[in-house]
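Asker: Before we start, here is the structure in question, set down as structure tokens.
Any read-out appearing in this document is the output of simple, stated calculations on the displayed coordinates, not a laboratory observation. Everything quoted here is computed from the prediction, not taken from an experiment. Cβ: placed from backbone, ideal geometry, glycine included. Neighbour counts: every protein chain shown.
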Amino acid sequence: MTTQQPNTEAPTIYDAVFTLNAAWEITSFNKGAEKITGLIGKDVLGKNCHEVFSNNKSLAGLCEIQKPLASGHSVNDFRLTITLKDSSEKIFALVNAIPIPGDDDKLSGVVITLRPVTSPCMIYPLVLNSIADGVFTIDQDLKITSFNHAAEMITGWKQKEVLNLSCNDLFQAAICTESCLIDGVKNEVSITNHSLFVKGKNGKPIPCAITKTPLIDPENKIIGGVVTFRDQTRSIQHDLVLESVADGVFTVDRNWKITSFNRAAEKITGWSRENAIGQSCSEVFHSSICGDTCAIAQSLYSGLPVANRSINIKTAEGQRLPISISAAPLLDHEGNIIGGVETFRDLSEISTLRKQLSKRYTFGEIISKSPAMRRIFDIMPEIAQSESNVLILGESGTGKELIARATHNSSNRRKGPFVTVNCGALPENLLESELFGYKAGAFTDAKKDRLGRFAAAEKGTLFLDEIGDIPAALQVKLLRVLQNKVYEPLGSSIPVTADVRILAATNRHLHLLVEEGTFREDLFYRLNVVKIMLPPLRERMEDIPMLCEHFIKKFSAQQGKDIIGLSDAALSILMRHDFPGNIRELENIIEYAFILCHGGFIQPEHLPEAFAPRGKSSKNVDEGRHSQSLEEIEKQAILTSLERNQWKKLATCRELGISKDTLRRKIQRYELGNILDDTELE
């Protein structure tokens, strides 16, 4: 192989052309091929192209085009970088290859050409068209001299349409003419990421960030400028969306520094965007979960979102504010976690409303709208905090155990155990050992000591249900515990101290049992320190819709059924029932309806047979229901709700889940104003 000497002058390079046969052997090799590759034709003729090119770093890329050629496909503008023989100079070449089919359509040979691309005017378009940003060049007269593919995509103009046009005439930006940024091409002034609007081919303005640099020739003379611009439409739309969201939104980087802060976040927290950005999120929010339980930290560490967590933060004025937050990792285009994003919602109004509702309508897990129950709820916190014995009276199924459990959970003993004993369910001999325990050998099968319920409830609460059924012999022992706080296990003579609060309940009239002599009077007065009388459900019928909703949610969660609620017809039937079994009976009715109802609203035919309409089959009921129009159903629902809430609008709105204005429009639409005083407002 002959070694070529380096040329001190700019070389004249011709297109390289060489051919291969079906065995990939080189059959011709022109002067241009010798010039570009540094190989001699006579040395490579007859040799396999892999043998010639694979060991040469510059030419090894030619081996990659064999696969498409073998499949009968041409290769167009394959890019190759070649280092000239005995020189450090590199040239760029575009490789094109055409397969030559034989008579039997099998490959008979290949023609390969290498075209050198050494001129900047030839290589620049290749580079510029690979850039995602729009790029165009201008001369000193601000005439466009090049326009890449991205510029065409952003503006809608084609290169051939804009060449030699003034950029001012083309884009008509807001700062064209006297304030033109790129008119400084005569000076070595660079502009970076300046935001402005340019006009596209369709006449619509396009928000862009532009960067301009002077274009300098080899003699260091300014001959024009290069302008790059990026379409910011999505970015601006994204910002507008964030600024329109009612929830607060902010982002942090991996160092917990705030990088964005929307308008709602400013309004909720009192922090301005300028003061918040760059600060650590803990310095801005002073959250109740800052540190190990930080929602964003947990989200970043797990890679999963954290949703709907209620916390407290401190506003810029130092006030504590309840909010609901959700956090998620912030990912870049390649899926790498670069920070976190958190949304938060002001819960102050909801929190205040909940406190009001909690004070007036609930105690523990008990819900009611009844005035009688509200009076009980008002005194229950004080009763719970005392150590006095409590006697809970009421019919079966009124929720006596719920009251007892709520009392325990609100007391100073809430960290201790809550133990329940049904005094009417056990015979006398078992009840004594169940309450007080026994020692080994106390009776035939007592092989080892066993603790009783008093011991199990130590430092907690013992709930004695059906206390009216306790045998007379045990009443004496129970009285001793209440008076002296001691008891003796069965088979033992050693007193045991009892640090237990007693709550008792019965559906019987204890004062009558005292008169009959079946219940000790002194025990009655020991138990009756504080008395709570629960009204039966028939005396608090306004609670039925609320209780039905509660039980429907409960059974929907347990059984996975999509049951929305009670139909008006079914609710009307239940509202006419006197419920001798009280709340327990209502719960059983809803549970029965869940067996027959597969979804939607519970209808009359889904209720137990005792509630089925007389003289009507299920089919007739169903036909009657569907014969009503939606307007008639809605009118009846509103009227029923108004009647149920004593014509109080706000109560009706809360029950129906609609606004006061919506209710007013419905009343006017269905002409209910003649039976409702339209000026009555709560």
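Asker: Any chance you could count the Lys pairs in segment 16-118 whose alpha carbons are under 23 Å apart, treating pairs 8 or more apart or on different chains as valid?
Answerer: Close lysine pairs found across segment 16-118: 19.
Asker: Read phi for every residue in segment 320-328 and hand back ³J(HN,Hα) as whole Hz from Karplus 6.51 cos²θ - 1.76 cosθ + 1.60, θ = phi - 60°, with x for Gly and Pro.
Answerer: Each residue's phi maps through the Karplus curve to give 7, 10, x, 9, 10, 10, 9, 10, 8 Hz.
Asker: Shifting gears a bit: How long is the gain from residue 554 to residue 447 if the chain were fully straight, where each residue apart is worth 0.36 nm and the alpha carbon distance is subtracted?
Answerer: 34.1 nm
Asker: Please arrange 592, 487 by counting, for each residue, the other beta carbons lying within 10 Å of its beta carbon, fewest first.
Answerer: Exposure proxy ranking, most exposed first: 592, 487.
Asker: While we're here: Residues with amide H under 5 Å of residue 339's amide H, sequence separation 5 or more or different chain, H placed in the peptide plane at 1.01 Å from N; which?
Answerer: Under 5 Å from the amide H of residue 339 lie the amide H atoms of 330, each far enough along the sequence or on another chain.
Asker: Between residue 51 and residue 308, what is the label-to-label distance in nm when each label sits 7 Å out along the Cα-to-Cβ direction?
Answerer: Once both label points are built, they end up 7.5 nm from each other.
Asker: Additional query: Computed FRET efficiency, Cβ-Cβ of residue 375 and residue 592, R0 30 Å: what is it to the nearest 0.05?
Answerer: 0.40
Asker: So how far apart, in nm, are the two label points at residue 235 and residue 637 if each is 7 Å from Cα heading toward Cβ?
Answerer: Computed distance between label sites residue 235 and residue 637 equals 4.9 nm.
Asker: Of the trypsin sites (Lys or Arg not before Pro) in segment 421-501, which ones lie in a loop per DSSP and count no more than 13 other C-beta atoms within 10 Å?
Answerer: 447, 448, 459, 485
Asker: I'd like the Karplus ³J(HN,Hα) series for segment 666-671: coefficients 6.51, -1.76, 1.60, θ = phi - 60°, whole numbers in Hz, and an x wherever there's a Gly or Pro.
Answerer: 5, 5, 5, 5, 9, 6
Asker: Chymotrypsin sites (Phe, Trp or Tyr not before Pro) within segment 433-462: which are DSSP loop residues with at most 14 other Cβ atoms inside 10 Å?
Answerer: For chymotrypsin sites (Phe, Trp or Tyr not before Pro) across segment 433-462 that sit outside H, G, I, E and B with at most 14 neighbouring Cβ atoms in 10 Å, the list reads 443.
Asker: Could you give each residue of segment 251-263 its phi-based ³J(HN,Hα) in whole Hz, using Karplus coefficients 6.51, -1.76, 1.60 with θ = phi - 60°, and x for Gly or Pro?
Answerer: Per residue, the Karplus-derived 3J(HN,Hα) values read 10, 10, 8, 6, 9, 6, 8, 6, 10, 8, 7, 7, 5 Hz.
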